[in-house]
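Here is the structure we will look at, set down as C-alpha coordinates.
The values are calculated or read from the model by the stated rules, or taken from the named source; none is laboratory data. As the structure is a prediction and not an experimental result, all values here were calculated from the model. Every residue, glycine as well, gets a Cβ built from its backbone with ideal geometry; the counts of neighbours run over all protein chains shown. The accessibility values were calculated without ligands, DNA or RNA, using every heavy atom of the protein model including side chains. Shrake-Rupley method; radii C 1.70, N 1.55, O 1.52, S 1.80 Å.
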Amino acid sequence: MNQNLQTILDFIQQSEHLSEEEKTALTKAAKEADRALTISEFKLERTEKVKRTTAILLEETIEELEQKRKSIEETNDALSKSLEELKATQAQLIQSEKMASLGELTAGIAHEIQNPLNFVNNFSEVSRELLEEMQEELDAGNLEDVREIASDVIQNLEKINHHGKRADGIVKGMLQHSRKNTGEREATDINVLVDEYLRLAYHGLRAKDKSFNATLETDYDNSIGKIEIVPQDIGRVVLNLITNAFYAAPLPPEGGFKNQSQPHKPTVWISTKKNPPSGGRGAWLMISVKDNGPGIPKKIMDKIFQPFFTTKPTGQGTGLGLSLSYDIVKAHGGELKVETKEGKGTEFIISIPIKK
Amino acid sequence: MNILVVDDEKDVQDLFLQRFRKEIKNGEMNFDFAFSGEEALDYLNKNEQKAVLILSDINMPGMSGLELLEHIKQKFHKPPPTVMMITAYGDDENYSTAKRLGADDFLTKPVDFKMLKEKLRKA
(Lines give C-alpha, C1' and ligand atoms only; values in the text may rest on other atoms or scores of the structure.)
Protein backbone atom coordinates (compact mmCIF):
# COMPACT_ATOMS: atom_id res chain seq x y z
CA MET A 1 0.00 0.00 0.00
CA ASN A 2 1.00 3.58 -0.70
CA GLN A 3 2.99 4.97 2.21
CA ASN A 4 0.94 8.17 2.54
CA LEU A 5 -2.29 6.25 2.55
CA GLN A 6 -0.84 3.85 5.16
CA THR A 7 -0.05 6.87 7.39
CA ILE A 8 -3.61 8.16 6.95
CA LEU A 9 -4.99 4.67 7.72
CA ASP A 10 -2.86 4.29 10.85
CA PHE A 11 -3.97 7.76 11.95
CA ILE A 12 -7.63 6.80 11.52
CA GLN A 13 -7.16 3.55 13.52
CA GLN A 14 -5.54 5.34 16.41
CA SER A 15 -7.88 8.34 16.50
CA GLU A 16 -10.11 8.57 19.59
CA HIS A 17 -12.47 11.18 18.14
CA LEU A 18 -13.88 8.88 15.53
CA SER A 19 -16.65 6.33 16.02
CA GLU A 20 -16.15 2.73 14.87
CA GLU A 21 -18.53 3.31 12.01
CA GLU A 22 -16.67 6.35 10.80
CA LYS A 23 -13.36 4.45 11.07
CA THR A 24 -14.67 1.59 8.97
CA ALA A 25 -15.99 3.98 6.30
CA LEU A 26 -12.74 5.97 6.19
CA THR A 27 -10.63 2.79 6.08
CA LYS A 28 -12.70 1.53 3.17
CA ALA A 29 -12.31 4.82 1.37
CA ALA A 30 -8.53 4.78 1.92
CA LYS A 31 -8.30 1.19 0.64
CA GLU A 32 -10.34 2.07 -2.44
CA ALA A 33 -8.15 5.10 -3.07
CA ASP A 34 -5.14 2.80 -2.83
CA ARG A 35 -6.66 0.39 -5.37
CA ALA A 36 -7.45 3.24 -7.76
CA LEU A 37 -3.92 4.54 -7.35
CA THR A 38 -2.46 1.09 -8.11
CA ILE A 39 -4.57 0.85 -11.26
CA SER A 40 -3.53 4.35 -12.31
CA GLU A 41 0.11 3.50 -11.77
CA PHE A 42 -0.27 0.34 -13.80
CA LYS A 43 -1.97 2.23 -16.60
CA LEU A 44 0.70 4.89 -16.53
CA GLU A 45 3.43 2.28 -16.82
CA ARG A 46 1.61 0.64 -19.72
CA THR A 47 1.26 4.00 -21.48
CA GLU A 48 4.97 4.64 -20.98
CA LYS A 49 5.72 1.29 -22.59
CA VAL A 50 3.50 2.08 -25.57
CA LYS A 51 5.17 5.47 -25.87
CA ARG A 52 8.61 3.89 -25.96
CA THR A 53 7.54 1.32 -28.54
CA THR A 54 5.95 4.05 -30.64
CA ALA A 55 9.08 6.16 -30.45
CA ILE A 56 11.16 3.23 -31.65
CA LEU A 57 8.70 2.53 -34.47
CA LEU A 58 8.65 6.19 -35.45
CA GLU A 59 12.41 6.29 -35.57
CA GLU A 60 12.45 3.23 -37.78
CA THR A 61 9.80 4.72 -40.08
CA ILE A 62 11.71 7.98 -40.37
CA GLU A 63 14.83 6.06 -41.28
CA GLU A 64 12.92 4.09 -43.88
CA LEU A 65 11.39 7.26 -45.32
CA GLU A 66 14.79 8.86 -45.56
CA GLN A 67 16.07 5.88 -47.50
CA LYS A 68 13.09 6.04 -49.83
CA ARG A 69 13.60 9.74 -50.37
CA LYS A 70 17.22 9.09 -51.28
CA SER A 71 16.31 6.39 -53.77
CA ILE A 72 13.60 8.62 -55.32
CA GLU A 73 16.16 11.37 -55.66
CA GLU A 74 18.52 8.95 -57.40
CA THR A 75 15.72 7.81 -59.73
CA ASN A 76 14.91 11.44 -60.47
CA ASP A 77 18.51 12.18 -61.35
CA ALA A 78 18.63 9.13 -63.60
CA LEU A 79 15.36 10.14 -65.25
CA SER A 80 16.40 13.71 -65.96
CA LYS A 81 19.67 12.36 -67.33
CA SER A 82 17.70 10.00 -69.60
CA LEU A 83 15.50 12.90 -70.64
CA GLU A 84 18.54 14.97 -71.55
CA GLU A 85 19.95 12.04 -73.50
CA LEU A 86 16.61 11.58 -75.25
CA LYS A 87 16.51 15.23 -76.20
CA ALA A 88 20.05 15.01 -77.59
CA THR A 89 19.15 11.85 -79.52
CA GLN A 90 16.05 13.55 -80.89
CA ALA A 91 18.10 16.52 -82.08
CA GLN A 92 20.57 14.08 -83.63
CA LEU A 93 17.76 12.19 -85.36
CA ILE A 94 16.32 15.37 -86.81
CA GLN A 95 19.77 16.34 -88.04
CA SER A 96 20.37 12.90 -89.55
CA GLU A 97 16.98 13.00 -91.24
CA LYS A 98 18.03 16.32 -92.71
CA MET A 99 21.30 14.80 -93.84
CA ALA A 100 19.52 11.75 -95.26
CA SER A 101 17.30 14.01 -97.33
CA LEU A 102 20.40 15.95 -98.39
CA GLY A 103 21.87 12.60 -99.43
CA GLU A 104 18.78 12.00 -101.53
CA LEU A 105 19.46 15.36 -103.13
CA THR A 106 23.18 14.95 -103.74
CA ALA A 107 22.90 13.00 -106.98
CA GLY A 108 20.26 15.42 -108.22
CA ILE A 109 22.44 18.36 -107.30
CA ALA A 110 25.43 16.87 -109.14
CA HIS A 111 23.28 16.34 -112.21
CA GLU A 112 21.72 19.77 -111.96
CA ILE A 113 25.12 21.46 -111.69
CA GLN A 114 26.66 19.36 -114.46
CA ASN A 115 24.20 20.64 -117.04
CA PRO A 116 24.76 24.39 -116.56
CA LEU A 117 28.51 23.83 -116.26
CA ASN A 118 28.51 22.02 -119.60
CA PHE A 119 26.86 25.04 -121.15
CA VAL A 120 29.30 27.44 -119.49
CA ASN A 121 32.26 25.45 -120.83
CA ASN A 122 30.84 24.84 -124.29
CA PHE A 123 29.52 28.33 -124.93
CA SER A 124 32.79 29.90 -123.78
CA GLU A 125 34.83 27.56 -126.01
CA VAL A 126 32.63 28.16 -129.01
CA SER A 127 32.73 31.91 -128.38
CA ARG A 128 36.52 31.89 -128.56
CA GLU A 129 36.29 30.08 -131.91
CA LEU A 130 33.75 32.63 -133.08
CA LEU A 131 36.01 35.51 -132.11
CA GLU A 132 38.91 33.94 -134.02
CA GLU A 133 36.62 33.72 -137.01
CA MET A 134 35.63 37.33 -136.46
CA GLN A 135 39.27 38.38 -136.66
CA GLU A 136 39.57 36.60 -140.02
CA GLU A 137 36.40 38.26 -141.29
CA LEU A 138 37.67 41.64 -140.06
CA ASP A 139 40.91 41.14 -142.00
CA ALA A 140 38.86 40.17 -145.04
CA GLY A 141 36.64 43.20 -144.51
CA ASN A 142 33.37 41.22 -144.35
CA LEU A 143 31.61 43.55 -141.96
CA GLU A 144 28.26 41.85 -142.34
CA ASP A 145 29.71 38.56 -141.10
CA VAL A 146 31.53 40.37 -138.31
CA ARG A 147 28.27 41.86 -137.06
CA GLU A 148 26.59 38.48 -137.16
CA ILE A 149 29.39 36.81 -135.22
CA ALA A 150 29.44 39.64 -132.67
CA SER A 151 25.74 39.25 -131.96
CA ASP A 152 26.23 35.48 -131.59
CA VAL A 153 29.02 36.07 -129.09
CA ILE A 154 26.87 38.53 -127.14
CA GLN A 155 24.10 35.94 -127.01
CA ASN A 156 26.58 33.29 -125.88
CA LEU A 157 27.91 35.47 -123.10
CA GLU A 158 24.35 35.97 -121.92
CA LYS A 159 23.90 32.19 -121.90
CA ILE A 160 27.16 31.68 -120.01
CA ASN A 161 25.98 34.20 -117.45
CA HIS A 162 22.55 32.57 -117.22
CA HIS A 163 23.93 29.06 -116.70
CA GLY A 164 26.57 30.31 -114.27
CA LYS A 165 23.82 31.85 -112.18
CA ARG A 166 21.81 28.66 -112.47
CA ALA A 167 24.69 26.62 -111.00
CA ASP A 168 25.15 29.29 -108.35
CA GLY A 169 21.50 29.06 -107.37
CA ILE A 170 21.69 25.29 -107.04
CA VAL A 171 24.72 25.44 -104.75
CA LYS A 172 23.06 28.16 -102.66
CA GLY A 173 19.93 26.05 -102.39
CA MET A 174 21.99 23.08 -101.27
CA LEU A 175 23.78 25.13 -98.62
CA GLN A 176 20.50 26.51 -97.44
CA HIS A 177 19.15 23.00 -97.07
CA SER A 178 22.06 21.74 -94.97
CA ARG A 179 22.86 24.81 -92.88
CA LYS A 180 21.56 25.22 -89.37
CA ASN A 181 18.05 26.45 -89.50
CA THR A 182 17.67 30.02 -88.33
CA GLY A 183 13.96 29.38 -88.07
CA GLU A 184 13.26 32.86 -89.39
CA ARG A 185 10.56 33.58 -91.87
CA GLU A 186 11.58 35.13 -95.17
CA ALA A 187 9.53 36.42 -98.08
CA THR A 188 9.78 33.44 -100.44
CA ASP A 189 8.57 32.76 -103.97
CA ILE A 190 6.84 29.47 -103.28
CA ASN A 191 6.69 28.41 -106.94
CA VAL A 192 10.47 28.76 -107.36
CA LEU A 193 11.05 26.86 -104.11
CA VAL A 194 8.70 24.01 -105.06
CA ASP A 195 10.09 23.73 -108.59
CA GLU A 196 13.67 23.68 -107.36
CA TYR A 197 13.02 20.80 -104.96
CA LEU A 198 10.97 18.99 -107.59
CA ARG A 199 13.87 19.02 -110.04
CA LEU A 200 16.40 18.01 -107.40
CA ALA A 201 14.23 15.15 -106.15
CA TYR A 202 13.51 13.94 -109.67
CA HIS A 203 17.12 13.93 -110.85
CA GLY A 204 18.26 12.54 -107.50
CA LEU A 205 16.00 9.53 -107.93
CA ARG A 206 16.88 9.12 -111.58
CA ALA A 207 20.55 9.08 -110.68
CA LYS A 208 20.05 6.47 -107.96
CA ASP A 209 17.58 4.23 -109.74
CA LYS A 210 18.13 4.02 -113.49
CA SER A 211 14.80 2.35 -114.11
CA PHE A 212 12.87 5.09 -112.30
CA ASN A 213 10.67 7.26 -114.43
CA ALA A 214 7.55 9.31 -113.85
CA THR A 215 5.57 11.93 -115.66
CA LEU A 216 5.54 15.29 -113.93
CA GLU A 217 2.59 17.63 -114.16
CA THR A 218 3.03 21.04 -112.60
CA ASP A 219 0.44 23.75 -112.18
CA TYR A 220 1.75 26.84 -110.44
CA ASP A 221 -0.45 29.80 -109.54
CA ASN A 222 1.59 32.84 -110.61
CA SER A 223 -0.58 35.24 -108.65
CA ILE A 224 0.64 33.98 -105.26
CA GLY A 225 3.68 36.28 -105.02
CA LYS A 226 6.06 36.10 -102.08
CA ILE A 227 4.98 34.54 -98.83
CA GLU A 228 6.53 34.75 -95.36
CA ILE A 229 7.73 31.24 -94.53
CA VAL A 230 10.86 29.51 -93.23
CA PRO A 231 12.11 28.46 -96.67
CA GLN A 232 14.39 25.60 -95.54
CA ASP A 233 11.57 24.09 -93.48
CA ILE A 234 8.87 24.31 -96.13
CA GLY A 235 11.46 23.12 -98.65
CA ARG A 236 11.97 20.00 -96.55
CA VAL A 237 8.26 19.34 -96.36
CA VAL A 238 7.88 19.72 -100.13
CA LEU A 239 10.93 17.54 -100.76
CA ASN A 240 9.60 14.88 -98.44
CA LEU A 241 6.15 14.82 -100.04
CA ILE A 242 7.62 14.74 -103.56
CA THR A 243 10.06 11.96 -102.65
CA ASN A 244 7.17 9.96 -101.19
CA ALA A 245 5.03 10.56 -104.28
CA PHE A 246 7.85 9.43 -106.58
CA TYR A 247 8.28 6.36 -104.41
CA ALA A 248 4.59 5.53 -104.49
CA ALA A 249 3.67 6.38 -108.09
CA PRO A 250 5.21 3.34 -109.83
CA LEU A 251 4.04 0.84 -107.18
CA PRO A 252 1.27 -1.62 -108.12
CA PRO A 253 -2.04 -1.61 -106.23
CA GLU A 254 -2.91 -4.53 -103.96
CA GLY A 255 -3.40 -7.54 -106.19
CA GLY A 256 -1.22 -6.12 -108.96
CA PHE A 257 -2.05 -4.13 -112.07
CA LYS A 258 -5.33 -5.33 -113.56
CA ASN A 259 -5.32 -3.81 -116.99
CA GLN A 260 -2.34 -5.37 -118.73
CA SER A 261 -3.09 -3.83 -122.11
CA GLN A 262 -2.70 -0.31 -120.74
CA PRO A 263 0.61 -0.02 -118.92
CA HIS A 264 0.61 1.95 -115.68
CA LYS A 265 2.04 5.42 -116.27
CA PRO A 266 3.52 6.67 -112.97
CA THR A 267 2.56 10.32 -112.63
CA VAL A 268 3.10 12.99 -110.00
CA TRP A 269 1.07 16.21 -109.98
CA ILE A 270 2.26 19.28 -108.13
CA SER A 271 0.25 22.45 -107.84
CA THR A 272 0.17 25.67 -105.88
CA LYS A 273 -2.79 27.96 -105.43
CA LYS A 274 -4.38 30.64 -103.30
CA ASN A 275 -7.58 29.87 -101.45
CA PRO A 276 -9.74 31.81 -102.11
CA PRO A 277 -8.19 32.72 -105.49
CA SER A 278 -8.90 36.42 -104.91
CA GLY A 279 -6.49 36.38 -101.93
CA GLY A 280 -6.90 39.12 -99.36
CA ARG A 281 -7.14 38.79 -95.60
CA GLY A 282 -7.46 35.25 -94.28
CA ALA A 283 -6.29 33.71 -97.57
CA TRP A 284 -4.42 30.41 -97.55
CA LEU A 285 -1.56 29.05 -99.61
CA MET A 286 -2.25 25.49 -100.79
CA ILE A 287 0.46 23.18 -102.10
CA SER A 288 -0.75 19.84 -103.41
CA VAL A 289 1.43 16.80 -104.17
CA LYS A 290 -0.51 13.97 -105.80
CA ASP A 291 0.50 10.57 -107.15
CA ASN A 292 -1.28 7.74 -108.94
CA GLY A 293 0.29 5.04 -106.78
CA PRO A 294 -1.54 2.30 -104.84
CA GLY A 295 -2.92 4.65 -102.17
CA ILE A 296 -2.52 4.28 -98.41
CA PRO A 297 -4.28 1.25 -96.85
CA LYS A 298 -6.95 2.18 -94.26
CA LYS A 299 -5.28 0.17 -91.52
CA ILE A 300 -2.15 2.34 -91.53
CA MET A 301 -3.79 5.72 -92.19
CA ASP A 302 -3.71 6.79 -88.53
CA LYS A 303 -0.04 5.85 -88.24
CA ILE A 304 1.50 7.72 -91.16
CA PHE A 305 2.25 10.89 -89.19
CA GLN A 306 3.72 8.97 -86.24
CA PRO A 307 7.47 9.25 -85.76
CA PHE A 308 9.45 6.21 -86.95
CA PHE A 309 6.54 4.76 -88.90
CA THR A 310 7.65 3.76 -92.38
CA THR A 311 6.49 1.32 -95.04
CA LYS A 312 9.87 1.36 -96.72
CA PRO A 313 12.26 -1.56 -96.22
CA THR A 314 14.57 -1.29 -93.18
CA GLY A 315 17.35 1.21 -93.72
CA GLN A 316 15.57 3.00 -96.54
CA GLY A 317 13.37 5.34 -94.57
CA THR A 318 13.87 7.06 -91.23
CA GLY A 319 10.15 7.17 -90.60
CA LEU A 320 10.56 10.79 -89.60
CA GLY A 321 9.70 12.49 -92.87
CA LEU A 322 5.96 12.90 -92.49
CA SER A 323 6.09 13.39 -88.75
CA LEU A 324 8.59 16.27 -89.12
CA SER A 325 6.63 17.66 -92.07
CA TYR A 326 3.50 17.69 -89.93
CA ASP A 327 5.31 19.61 -87.17
CA ILE A 328 6.79 22.12 -89.61
CA VAL A 329 3.44 22.90 -91.25
CA LYS A 330 1.86 23.20 -87.81
CA ALA A 331 4.58 25.65 -86.72
CA HIS A 332 3.53 27.79 -89.69
CA GLY A 333 -0.01 27.82 -88.33
CA GLY A 334 -1.10 25.52 -91.14
CA GLU A 335 -2.36 22.01 -91.77
CA LEU A 336 -1.05 18.95 -93.56
CA LYS A 337 -3.89 16.85 -94.89
CA VAL A 338 -4.00 13.62 -96.82
CA GLU A 339 -6.59 12.18 -99.14
CA THR A 340 -6.16 8.69 -100.47
CA LYS A 341 -8.07 6.12 -102.49
CA GLU A 342 -6.83 2.56 -102.56
CA GLY A 343 -5.76 1.67 -106.06
CA LYS A 344 -6.11 5.25 -107.28
CA GLY A 345 -3.48 7.34 -105.54
CA THR A 346 -2.75 9.77 -102.74
CA GLU A 347 -2.83 13.53 -102.41
CA PHE A 348 -1.07 15.50 -99.68
CA ILE A 349 -2.19 19.09 -99.24
CA ILE A 350 -0.19 21.66 -97.33
CA SER A 351 -2.21 24.71 -96.36
CA ILE A 352 -0.57 27.71 -94.75
CA PRO A 353 -2.22 31.03 -93.84
CA ILE A 354 -0.80 33.89 -95.91
CA LYS A 355 0.19 36.66 -93.52
CA LYS A 356 0.24 40.07 -95.08
CA MET B 1 23.31 13.97 -143.20
CA ASN B 2 20.23 14.62 -141.11
CA ILE B 3 20.78 14.60 -137.38
CA LEU B 4 18.03 14.76 -134.76
CA VAL B 5 19.17 15.95 -131.34
CA VAL B 6 16.90 15.03 -128.41
CA ASP B 7 17.44 16.86 -125.11
CA ASP B 8 15.16 18.59 -122.61
CA GLU B 9 17.68 21.44 -122.25
CA LYS B 10 16.66 24.00 -124.86
CA ASP B 11 20.08 25.69 -125.07
CA VAL B 12 21.43 22.47 -126.59
CA GLN B 13 19.97 23.73 -129.87
CA ASP B 14 22.07 26.92 -129.93
CA LEU B 15 25.11 25.02 -128.79
CA PHE B 16 24.89 22.45 -131.61
CA LEU B 17 24.10 25.08 -134.24
CA GLN B 18 27.23 26.97 -133.23
CA ARG B 19 29.49 23.98 -132.67
CA PHE B 20 28.59 22.63 -136.11
CA ARG B 21 28.17 25.98 -137.90
CA LYS B 22 30.84 25.11 -140.51
CA GLU B 23 29.32 21.72 -141.26
CA ILE B 24 25.87 23.31 -141.48
CA LYS B 25 27.11 26.13 -143.70
CA ASN B 26 28.76 23.80 -146.22
CA GLY B 27 25.72 21.50 -146.20
CA GLU B 28 27.56 18.52 -144.74
CA MET B 29 25.15 18.19 -141.82
CA ASN B 30 21.62 19.28 -141.05
CA PHE B 31 20.29 19.46 -137.48
CA ASP B 32 16.77 19.15 -136.13
CA PHE B 33 15.83 19.31 -132.48
CA ALA B 34 13.29 17.67 -130.20
CA PHE B 35 12.97 18.59 -126.52
CA SER B 36 11.41 15.35 -125.31
CA GLY B 37 11.18 11.68 -126.26
CA GLU B 38 7.57 12.21 -127.31
CA GLU B 39 8.53 15.10 -129.62
CA ALA B 40 11.29 12.95 -131.13
CA LEU B 41 8.82 10.15 -131.97
CA ASP B 42 6.49 12.72 -133.55
CA TYR B 43 9.33 13.97 -135.68
CA LEU B 44 10.30 10.44 -136.75
CA ASN B 45 6.72 9.60 -137.69
CA LYS B 46 6.54 12.70 -139.88
CA ASN B 47 9.98 12.28 -141.44
CA GLU B 48 10.15 8.53 -141.89
CA GLN B 49 11.68 8.68 -145.33
CA LYS B 50 14.55 10.90 -144.20
CA ALA B 51 17.72 9.06 -143.27
CA VAL B 52 18.22 10.17 -139.71
CA LEU B 53 20.94 9.87 -137.14
CA ILE B 54 19.64 10.38 -133.61
CA LEU B 55 21.58 11.85 -130.71
CA SER B 56 19.56 11.48 -127.55
CA ASP B 57 19.97 12.46 -123.93
CA ILE B 58 18.94 9.70 -121.48
CA ASN B 59 17.61 11.65 -118.51
CA MET B 60 14.54 13.56 -119.60
CA PRO B 61 11.23 14.03 -117.85
CA GLY B 62 8.50 11.86 -119.33
CA MET B 63 9.78 9.38 -121.88
CA SER B 64 13.44 8.69 -121.10
CA GLY B 65 16.09 8.41 -123.78
CA LEU B 66 16.27 4.66 -123.19
CA GLU B 67 12.52 4.28 -123.80
CA LEU B 68 12.85 6.35 -126.95
CA LEU B 69 15.70 4.11 -128.08
CA GLU B 70 13.56 1.01 -127.49
CA HIS B 71 10.67 2.51 -129.48
CA ILE B 72 12.91 3.52 -132.36
CA LYS B 73 14.66 0.20 -132.63
CA GLN B 74 11.35 -1.69 -132.56
CA LYS B 75 9.24 0.50 -134.84
CA PHE B 76 11.49 2.11 -137.39
CA HIS B 77 13.06 -0.61 -139.48
CA LYS B 78 13.78 0.94 -142.81
CA PRO B 79 16.12 2.52 -142.88
CA PRO B 80 17.34 1.52 -139.38
CA PRO B 81 18.36 4.81 -137.81
CA THR B 82 21.67 5.15 -136.03
CA VAL B 83 21.09 6.09 -132.39
CA MET B 84 23.77 7.53 -130.13
CA MET B 85 22.97 8.00 -126.46
CA ILE B 86 24.34 10.90 -124.41
CA THR B 87 24.12 10.88 -120.63
CA ALA B 88 25.35 12.75 -117.59
CA TYR B 89 25.53 9.46 -115.72
CA GLY B 90 28.21 7.35 -117.39
CA ASP B 91 27.46 4.29 -115.29
CA ASP B 92 27.65 0.66 -116.34
CA GLU B 93 23.95 0.02 -115.97
CA ASN B 94 22.92 2.82 -118.33
CA TYR B 95 25.63 1.70 -120.72
CA SER B 96 24.63 -1.95 -120.78
CA THR B 97 20.90 -1.11 -121.03
CA ALA B 98 21.61 1.21 -123.96
CA LYS B 99 23.71 -1.45 -125.67
CA ARG B 100 21.10 -4.15 -125.05
CA LEU B 101 18.39 -1.95 -126.54
CA GLY B 102 20.51 -1.49 -129.66
CA ALA B 103 22.26 1.85 -129.17
CA ASP B 104 24.97 2.36 -131.77
CA ASP B 105 27.13 4.47 -129.51
CA PHE B 106 27.26 5.83 -126.00
CA LEU B 107 28.67 9.22 -125.01
CA THR B 108 28.98 10.88 -121.62
CA LYS B 109 28.55 14.53 -120.75
CA PRO B 110 30.37 16.85 -121.01
CA VAL B 111 30.28 16.10 -124.72
CA ASP B 112 33.63 16.21 -126.51
CA PHE B 113 32.54 17.89 -129.74
CA LYS B 114 35.75 17.03 -131.61
CA MET B 115 35.17 13.36 -130.93
CA LEU B 116 31.47 13.70 -131.75
CA LYS B 117 32.28 15.28 -135.10
CA GLU B 118 34.56 12.38 -135.99
CA LYS B 119 31.94 9.86 -134.91
CA LEU B 120 29.24 11.59 -136.95
CA ARG B 121 31.45 11.64 -140.03
CA LYS B 122 32.11 7.92 -139.71
CA ALA B 123 28.45 7.07 -139.09
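The table that follows gives values for the structure above.
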| quantity | calculated |
| --- | --- |
| Gaussian network model of chain A, Cα within-10 Å springs - most flexible of A:THR27, A:THR311, A:THR346 | A:THR27 |
| Share of carbon and sulfur in the accessible heavy-atom surface of the range A:52-178 [1.4 Å probe, %] | 57 |
| Set of lysines near A:LYS51 by C-alpha distance (under 19 Å), chain-local residues within fewer than 8 positions excluded | A:LYS43 |
| Shielded residues, the range A:90-125 - accessible-area loss of 30 Å² or more between chain alone and all protein chains, probe 1.4 Å | A:HIS111, A:GLN114, A:ASN115, A:ASN118, A:PHE119, A:ASN122, A:PHE123 |
| Integer Hz, Karplus 6.51/-1.76/1.60 couplings in order for the range B:31-46, x for Gly and Pro | 10, 10, 10, 10, 9, 7, x, 5, 4, 5, 5, 3, 4, 5, 5, 7 |
| Carbon and sulfur %, accessible surface of the range A:271-334 computed with the full protein complex present, 1.4 Å | 54 |
| Solvent accessible area, Å² - A:ARG206, 1.4 Å probe, full protein context | 10 |
| Simple label model, 7 Å out from Cα along Cβ direction - A:ALA78 to B:ASP112, nm | 6.8 |
| Potential extension, A:GLN155-A:LYS31 segment - 0.36 nm per residue separation minus Cα distance | 31.0 nm |
| Cα lying deepest toward the dipole's positive end in the protein assembly as shown, options A:THR47, A:ILE170, A:PRO313, charges on Cβ | A:PRO313 |
| Subset of A:LYS165/B:LYS22; B:LYS10/B:LYS50; A:LYS87/A:LYS274; A:LYS265/B:LYS75 violating a 32 Å alpha-carbon distance limit | A:LYS87/A:LYS274 |
| Total accessible area lost when B and A pair, probe 1.4 Å, Å² to nearest 100 | 2300 |
| B:THR108 long-range amide H proximity, modeled H, under 5 Å | B:THR87 |
| Charge dipole (debye, nearest 20) of chain A; +1 at Cβ of Lys and Arg, -1 at Cβ of Asp and Glu | 1240 |
| Reach of A:LYS303 by Cα under 16 Å, taken over lysines that are not fewer than 8 positions away in the same chain | A:LYS312, A:LYS337 |
| Per-pair calculated FRET efficiency, R0 = 22 Å: B:ARG21 and A:GLU144 via Cβ, rounded to 0.05 | 0.90 |
| Length gained when the stretch A:LYS312-A:GLU186 is fully extended (0.36 nm per residue, less Cα-Cα span) | 42.0 nm |
| Anisotropy class of the range B:1-78 from Cα gyration tensor, a/c 1.5 cut | oblate |
| Per residue solvent-accessible surface (Å²) - chain A, probe of 1.4 Å | 63 |
| Cβ-placed point charges (K, R +1; D, E -1), dipole of the range A:211-312 about Cα centre in debye, nearest 20 | 180 |
| Per-residue average of Cβ from other chains inside 10 Å of B:61-74 | 2 |
| Residue-by-residue Karplus 3J(HN,Hα) for the range B:60-65, coefficients 6.51, -1.76, 1.60, Hz, glycine and proline x | 9, x, x, 5, 7, x |
| Linear extension gain, A:ARG281 paired with A:ARG69, 0.36 nm per residue minus alpha-carbon span | 70.6 nm |
| The protein assembly as shown: translational diffusion in µm²/s, Stokes-Einstein, Kirkwood Rh over Cα pairs, 20 °C, 1.002 mPa s | 73 |
| Modelled FRET efficiency - R0 30 Å, A:ASP168 with A:LYS273, Cβ distances, 0.05 increments | 0.50 |
| Carbon/sulfur fraction of accessible area - chain B, other protein chains in place, 1.4 Å, % | 49 |
| Threshold 30 Å², the range B:87-121 residues less accessible with all protein chains present than alone (1.4 Å probe) | B:ALA88, B:TYR89, B:GLU93, B:LYS109, B:PRO110 |
| Two-site FRET efficiency, A:THR53 against A:LEU93, from Cβ-Cβ distance with R₀ of 45 Å, rounded to 0.05 | 0.15 |
